[in-house]
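Enquirer: Shown below is the structure under consideration.
The values are calculated or read from the model by the stated rules, or taken from the named source; none is laboratory data. As the structure is a computational prediction, the values presented were derived from the model and not from experiment. Cβ sites come from the backbone with ideal geometry, for glycine too, and all protein chains shown count toward neighbours.
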Amino acid sequence: MIGNAVKTLLLNNEDSFLIPDEKVAHVMDTNPLNHALLVLTKVRYTRIPVLNREGEFVGLIGLSDIVNAMFDLTEIDPDNLTDLCVRDVMDTEVDTITQPYDIEYILHLSVDSPFIPVVDSDNHFAGIVTRKEILKSVNHLVHTLENEYTLTEKKQPERKIG
């Protein structure tokens, strides 16, 4: 469990955590795979959010998902890029977060993910929190902790041998 003082310092820059939805490249679940490939190539990301017509977050799609869809057992079939939709190959098992942020949960998810989708209570896509923004907050913490608090080392009790 993260201590309250550390949690407070980590959340000092909370306002800068969210990259709002209008600044995040995404595709619709009904888009053909060739469109998703074009978007991913243009923005130079490996994964992007997928939304439905109502603006709800429904998953992520990445370059590897698209490339895997082009392969079958004997050949590469680029026709799958127009025959299949994003919803046919996207990853739907994606953890999301809501505001107010649970910093401990965000840190846990950030270990394995470069960004975490943020949704509202109705699952509408609000944006993303990136690992980069979280690391900026950690960097701020390690540089200011001793300015804000007086730290003392806890003495370990001596062990008696024998």
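Enquirer: Of all residues in the stretch 18-40, which are surrounded by fewer than 19 Cβ atoms within 10 Å (Cβ to Cβ), among the β-branched types (Val, Ile, Thr) and under 20 Å from residue 134 (Cα atoms)?
Expert: 19
Enquirer: Further question: Suppose we keep only residues that are over 30 Å from residue 136 (Cβ atoms) and in a strand (DSSP E or B) within the stretch 18-40. Which one would you say is modelled with the lowest pLDDT?
Expert: Kept after step one, since they are over 30 Å from residue 136 (Cβ atoms), are these residues of the stretch 18-40: 28-35, 37-38.
Next cut, in a strand (DSSP E or B) only: 28, 32.
Numbers: 28: 98, 32: 94.
Only one residue tops the list, namely 32.
Enquirer: For residues that are under 18 Å from residue 127 (Cβ atoms), touching a helix residue (DSSP H, G or I) at 6+ places or on another chain (Cβ under 9 Å) and part of a helix (DSSP H, G or I), tally how many sit in the stretch 41-63.
Expert: Summing the residues that are under 18 Å from residue 127 (Cβ atoms), touching a helix residue (DSSP H, G or I) at 6+ places or on another chain (Cβ under 9 Å) and part of a helix (DSSP H, G or I) in the stretch 41-63 gives 0.
Enquirer: Another one. For residues in the stretch 115-150 being among the β-branched types (Val, Ile, Thr) and assigned to a helix (DSSP H, G or I), which is surrounded by the most Cβ atoms within 10 Å (Cβ to Cβ)? Step through it out loud before you land on a result.
Expert: So in the stretch 115-150, the residues among the β-branched types (Val, Ile, Thr) come out as 116, 118-119, 128-130, 134, 138, 142, 144, 150.
Subset that is assigned to a helix (DSSP H, G or I): 134, 138, 142, 144.
Values: 134: 21, 138: 14, 142: 9, 144: 12.
Ranking the qualifying residues of the stretch 115-150, first place goes to 134.
Enquirer: How about the stretch 60-98: which of its residues are loosely packed, with under 15 Cβ neighbours inside 10 Å and under 14 Å from the mean Cα position of the chain (by Cα)?
Expert: In the first step, residues of the stretch 60-98 are kept if they are loosely packed, with under 15 Cβ neighbours inside 10 Å; the result is 64, 67-68, 71-79, 82-83, 88, 91-93, 95, 98.
Of everything in the stretch 60-98, those that are loosely packed, with under 15 Cβ neighbours inside 10 Å and under 14 Å from the mean Cα position of the chain (by Cα) turn out to be 91, 92, 93, 95, 98.
Enquirer: Take residue 58 and tell me if it is among the hydrophobic types (A, V, I, L, M, F, W, C) and in contact with a His (Cβ under 9 Å, 6 or more places away or on another chain).
Expert: On the way: among the hydrophobic types (A, V, I, L, M, F, W, C): yes; in contact with a His (Cβ under 9 Å, 6 or more places away or on another chain): no.
For residue 58, the condition - among the hydrophobic types (A, V, I, L, M, F, W, C) and in contact with a His (Cβ under 9 Å, 6 or more places away or on another chain) - is not met.
Enquirer: Filter the stretch 64-112 for residues that are at pLDDT below 95, farther than 25 Å from residue 5 by Cα and of a type in the set (Ser, Thr, Tyr) and give the result.
Expert: 64, 74, 82
Enquirer: Condition first: under 18 Å from residue 37 (Cα atoms) and either of a type in the set (D, E, K, R) or touching a Ser or Thr at 6+ places or on another chain (Cβ under 7 Å) (or both). Now tell me which residues in the stretch 87-123 satisfy that.
Expert: Answer for the stretch 87-123, where residues must be under 18 Å from residue 37 (Cα atoms) and either of a type in the set (D, E, K, R) or touching a Ser or Thr at 6+ places or on another chain (Cβ under 7 Å) (or both): 87, 88, 91.
Enquirer: Among the charged types (D, E, K, R) and surrounded by fewer than 17 Cβ atoms within 10 Å (Cβ to Cβ) - does that describe any residue in the stretch 45-52? Quick ask: steps written out before the conclusion?
Expert: Restricting attention to the stretch 45-52, the residues satisfying the condition of being among the charged types (D, E, K, R) are 47.
Keeping just the survivors that are surrounded by fewer than 17 Cβ atoms within 10 Å (Cβ to Cβ) gives none.
Scanning the stretch 45-52, I find no residue that is among the charged types (D, E, K, R) and surrounded by fewer than 17 Cβ atoms within 10 Å (Cβ to Cβ), so the answer is no.
Enquirer: Within the stretch 5-15, is even one residue under 19 Å from the mean Cα position of the chain (by Cα), surrounded by 15 or more Cβ atoms within 10 Å (Cβ to Cβ), not charged (D, E, K, R) and not in a helix (DSSP H, G or I)?
Expert: Taking the stretch 5-15 first, the residues under 19 Å from the mean Cα position of the chain (by Cα) are 10-11, 13-15.
Now restrict to residues that are surrounded by 15 or more Cβ atoms within 10 Å (Cβ to Cβ): 10-11, 13-14.
Retained after the next criterion (residues that are not charged (D, E, K, R)): 10-11, 13.
Next cut, not in a helix (DSSP H, G or I) only: none.
The answer is no; no qualifying residue exists.
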